[in-house]
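Engineer: Pasting a structure here, questions to come.
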Amino acid sequence: MLFFCLFVTIQSHAKLLSMNACIQTDSYVYFSNANELNSWRYMMLAFTLSSLKDATSHLFTQPSFDDFDVLSVTIVSYITFSMDGHLNAAFFEDADTQPDKLCSWQRLRPVCFSIIKGKQPPVSFQITFFLEKDKASNLFNDSMLANNQDIDGFTLHLSYRNHTLSLSTGTVFSRFSLDRDSERLWDHYVAAWIKQKQLDFEEA
């Protein structure tokens, strides 16, 4: 069974959350902040995408992931590119743009593609997508994804290293919860969605 413990910093709504506690159970890893109720629960199950060429084509040159927003991107090439997906409200004239609003992958995808394209592939990259629970419910046509009041949304984390691209699912909670139904449903839909894109994968 794959076990990994990521100590990350994310922003949920207007709050900056420093994840500094890690608790392992049989199938899950919990991350929580001692000073906040917000937590990120990462499933320990992950997928390895078999066809790297097809997967990166879907990721960077097709609209397959365009429904997702972006929490963060790190691309290691001739230098390391690090991107925070939160839009900078001071840049926009529109007063309705909030500091915690995330940039869409549709908008950021051509920027990332311009970095990774070329004869030599990047050394590695990591992309963490976020999907609000209402958007997830609409995307997969299932209201159960939006019913849990403890959940803010869902994540997909893609990691490329050593010519291997892996994908793992996650859930962002507004408060601590032991409920697993929404997470299992999210995993089910992600697996079905990958199959629909005709991407071969193995469960890690």
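Every read-out reported here was derived from the displayed coordinates using simple, explicitly stated rules and does not represent laboratory data. Note that this is a predicted model, so its numbers are computed, not measured. Cβ: placed from backbone, ideal geometry, glycine included. Neighbour counts: every protein chain shown.
Engineer: Residue-wise, which Karplus ³J(HN,Hα) couplings in Hz belong to region 79-89, taking 6.51 cos²θ - 1.76 cosθ + 1.60, θ = phi - 60°, and x for glycine or proline?
Structural biologist: Values, residue by residue: 9, 9, 9, 10, 10, 9, x, 6, 5, 8, 4 Hz.
Engineer: Related question: Using 0.36 nm per residue, how much length does the chain from residue 93 to residue 67 gain when fully extended, once their Cα-Cα distance is taken away? Before the final figure, lay out each step's value.
Structural biologist: On the way: separation 26, 0.36 × 26 = 9.36 nm, distance 2.45 nm.
Taking residue 93 through residue 67 to full extension adds about 6.9 nm, to one decimal.
Engineer: Set the Förster radius R0 to 45 Å, insert the Cβ-Cβ distance between residue 184 and residue 119 as r into 1/(1 + (r/R0)^6), and round the FRET efficiency to 0.05. It would help to have the intermediate numbers written out before the result.
Structural biologist: Values: r = 42 Å, r/R0 = 0.94.
FRET efficiency, residue 184 to residue 119: 0.60.
Engineer: Still on this structure: Cα-Cα over 25 Å: which of 101/195; 101/197; 53/197; 133/197?
Structural biologist: Numbers: 101/195 30 Å; 101/197 28 Å; 53/197 13 Å; 133/197 21 Å.
Distance filter (> 25 Å) returns 101/195; 101/197.
Engineer: For an R0 of 41 angstrom, estimate the FRET efficiency from the Cβ-Cβ distance between residue 77 and residue 196 and round to the nearest 0.05. Could the numbers behind the result be given before it?
Structural biologist: Numbers: r = 31 Å, r/R0 = 0.75.
The computed FRET efficiency comes out at 0.85.
Engineer: Pull out the extension gain between residue 141 and residue 175, defined as 0.36 nm times the separation in residues minus the alpha carbon to alpha carbon distance; nm, one decimal.
Structural biologist: Details: separation 34, 0.36 × 34 = 12.24 nm, distance 2.51 nm.
Between residue 141 and residue 175, full extension yields an extra 9.7 nm.
Engineer: In nanometres, what is the gap between the two model label sites at residue 134 and residue 51, each 7 Å from Cα along Cα-to-Cβ?
Structural biologist: The answer from the label model is 3.6 nm.
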